[in-house]
Every structure is written in C-alpha cells, then in structure tokens.
Amino acid sequence: MIEAPPATLRLAIDREALAANWRMLDAMSGGARAGAAVKADCYGLGVEHCVPTLVEAGCRDFFVAHWSEVAPLLEHVRAKQIAVLHGPINRAEANYARQTGAIPVIDSIMQAKLWTETGGGPCHLMVDSGINRLGVALHEIGDPAIQALNIQVLMSHLACADEDSPKNEQQLAGFRDILGAVSHREASLANSAGIALGGAYHFDLTRPGLALYGGVPRTEFTDCIRQVAYPRASILQVRALEAGQTVGYNATFTAPAKMRVGVLSLGYADGILRSWGGAAFQSGEKVLPILGKVSMDMIVVDLAEAPNLAEGDWVELPYYLPYAARQTSVSQYELLTVLGHRFQR
Ligand SMILES: *Cc1c(COP(=O)(O)O)cnc(C)c1O
C-alpha cells in the first residue's frame, strides 16, 4: 500500500476531556450509572477514537441506533454491552441480533412478537411516554407480547429535557406509572439534559450523548462539560487581493482595499456549512474572518490580523458547541454529526 500524505484538515479529539465529561455525567447521575450514546459514529467524532476512552473511563453501556453500527463497536466492547435503539424490524435483523449478541431495544408490539417468535432472549423495552417517535405506548404495556419479554432495561426518552417544560414531569409521571406493570431489571429515562433535571430522572442508568462530546444542552453543564472536538485546517494558499476584487461564488465579498487572504482546505463537504459565513477562524488570539461563501472544499479567510501566517500553517475553527450553535443557527447535535470523513481524527 502506498501511504497517503497527511490530511490538510484535522479534527483534534481531546480524549482527556471526553473521559472527564463521562465521569462528570456519571457523578451527576447520582446513584445511577451513566452509559453512552455512541450512535452515528459517536456523534461524528469516531467510534475508534471515542469508545476506547469511554471504556477506560468506566462506561459499560453503549447505545447505537442502527444494526450497522454494531460491528465497529464489537472491536471495543462486549456484545451484551451494546443496545440497538431501532430494534429488529425483520427476521434478518432479529437473527443478526442473536448472532452478534447485541441487545435489541424493542419498540413496538410487532417487534416484541418478532423477537419472541425468532427465539426471544434478553432485550430492552422502549416505552413512549410522549415523544411519539419509537416505543410501545404506555397503555400497551399489558399486552401479552410485551409481558412475554425478558426485559433487562425498561426505558423511555424525554422530548424536552433541554427546556424547563411541564412535559418533563408529565413524561416522568407516565414512566413511573408503568414501572410496576412489567417486569424488568433496570430502568432508564435520562439523556444528557435529563441528567440535570434531578435525581427523580436518574433511575438505574442514564444515557448521555451530546454532553459527552462537549455539548451543553442546559446551563447546569456550562462549567463542568469540556470541549472535545477541535476542527483545524491548513492554509493551502495565500493570496493578495486588490481593492474591488471579489471572493468566492456569487462574489458576495468585495475587498474594500488591498488584502492578504488565506485559502483553507475545508468546506461544506466536511460539515463546515454555509451557515458559518460571517464567522471567523482563529490563530491563537488572532481572529480570521471568513470572506464570502463557504465552498465545498475551501474557505477563504482574512489574514489581516495575522500577517505572519503562511501556506502550510494551521488555523482553528472555534467550535465550543453552545457558542458555535448560536453563531450558525445549527444545533449542537448537528454541528457534531455533520463533521465529514476527510478530517484526520
Ligand atoms: C440519542 C439518544 C440519547 C442521547 O441523547 P443526548 O441528548 O445526546 O444526550 C439517549 N437516549 C436515546 C433513546 C437516544 O436516541
């Protein structure tokens, strides 16, 4: 194999911060233990980079959405520690669950029947307490197909945990009501934001995702959750602009005077969306405003504050998620999961 040269865009992952975030969320979960939502390739940061760190920090319970996400995880954790949130929707998926040993989350009476018909065994059960996405309705809990399951973790999912909404208490009450109606070993309700809602929401196991990776879904996390992902790009080319020259597609930026600009090697194909237009990169304390539109593979920045920067130098996109989300009007979740495959992680 011919080795490729190093990438010109990097996503630095602060593993220390990731481990510290998990330990913080575990501690904030009180008597419950924290698991980890590692779906969508650890929210875009990379299973191979994040899961070993989470395991080392002490995490034992991992949640993915799709069956396709099981195999990459199996390189790092035991099958029994993996829960698949979408559950089995056909025999192929039920068989795959059994062959791998990953635990299906049963989300409907249909899935419950399918799981039992194809051999049964340990599973989790998702009950829908008000988000109306996946999960068995509260009133369906007595159904014989549900009662026949061998349920390890009985779970539900909060719709508005990142807000102070009456919906949180309503969902909590609905969930508590059915706990006695079906046998199970453990219960789980809280995502990242739900952990901050207090002890009543913790039960046996919490399921943080966003906050592990540096997201701050509620102000309670502001001082205790650390940034994990740092996008960086190198300067491909330095250009001199004359007054009146324009930059990028549709010529949306016109140089008011002579300018020195840098062309960076990343763009919206890497998840740095056009909504970053008007924001800035940085080099240490120096601010490098983005000029014109973000292209697929390139972003042009003003080098006025950093005249010493040259081709090959690295600059950073400020990616502290609560600020970045405000800056771009893109959610903290999306800001993580859009980060593309060309970053060297
Ligand atoms: C994604 C997900 C989580 C994690 O949610 P965050 O808001 O990222 O902490 C927890 N539980 C379920 C069912 C999920 O789908």
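Assorted remarks:
- Meets criteria (open to solvent by 20 Å² or more (accessible area, probe 1.4 Å) and assigned to a strand (DSSP E or B)) for Gln170: no
- Test: residue in segment 198-214 that is outside any strand (DSSP E or B), touching a Lys or Arg at 6+ places or on another chain (Cβ under 9 Å), open to solvent by 60 Å² or more (accessible area, probe 1.4 Å) and assigned by TED's automatic domain parsing to the domain that holds Tyr96: yes
- Filter result (within 13 Å of the ligand (Cβ to nearest atom) and surrounded by fewer than 23 Cβ atoms within 10 Å (Cβ to Cβ)) within segment 106-129: Asp107, Asp128
- Single residue of Cys50, Cys59, Cys42 found to be more than 15 Å from the chain's Cα centre (by Cα), within 15 Å of the ligand (Cβ to nearest atom) and closer than 24 Å to Ala229 by Cα: Cys59
- Taking the criterion of being in a loop (DSSP other than H, G, I, E, B) and more than 13 Å from the ligand (Cβ to nearest atom), the residues of segment 132-167 that qualify are Asn132, Ile141, Gly142, Asp143, Ala148, Leu149, Asp164, Ser165.
- Taken residue by residue, segment 328-341 has no member that is assigned by TED's automatic domain parsing to the domain that holds Leu236, open to solvent by 70 Å² or more (accessible area, probe 1.4 Å) and touching a strand residue (DSSP E or B) at 6+ places or on another chain (Cβ under 9 Å).
- A count restricted to segment 288-345 and to residues that are of a type in the set (D, E, K, R) and under 25 Å from His49 (Cβ atoms) stands at 6.
- Search result, residues across segment 62-80 that are open to solvent by 30 Å² or more (accessible area, probe 1.4 Å), over 14 Å from Gln99 (Cα atoms) and over 18 Å from the mean Cα position of the chain (by Cα): Glu75, His76
- Those residues of segment 29-86 which are acidic (Asp, Glu) and under 23 Å from Gln344 (Cβ atoms), in sequence order: Asp41, Glu48, Glu56, Glu69, Glu75
- Considering residues of segment 130-145 that are open to solvent by less than 20 Å² (accessible area, probe 1.4 Å) and of a type in the set (Val, Ile, Thr) only, the residue farthest from His86 (Cα to Cα): Ile141
- Looking only at residues of segment 244-276 that are surrounded by fewer than 17 Cβ atoms within 10 Å (Cβ to Cβ) and in contact with a strand residue (DSSP E or B) (Cβ under 8 Å, 6 or more places away or on another chain), we find that the one that is nearest to Tyr323 (Cα to Cα) is Thr252.
- Total residues in segment 173-197 satisfying the condition of being more than 19 Å from Gly31 (Cα to Cα), outside any loop (DSSP other than H, G, I, E, B) and either without any contact (Cβ under 8 Å) to a residue 24 or more places away in the chain or not hydrophobic (A, V, I, L, M, F, W, C) (or both): the figure is 3.
The values are calculated or read from the model by the stated rules, or taken from the named source; none is laboratory data. All values derive from a computational prediction rather than experimental measurement. Heads up, the Cβs are rebuilt from the backbone with ideal geometry, glycines too, and the neighbour counts pull from every protein chain shown. Quick note on the areas: whole protein, heavy atoms, side chains included, nothing else; ligands and nucleic acids left out. Shrake-Rupley method; radii C 1.70, N 1.55, O 1.52, S 1.80 Å.
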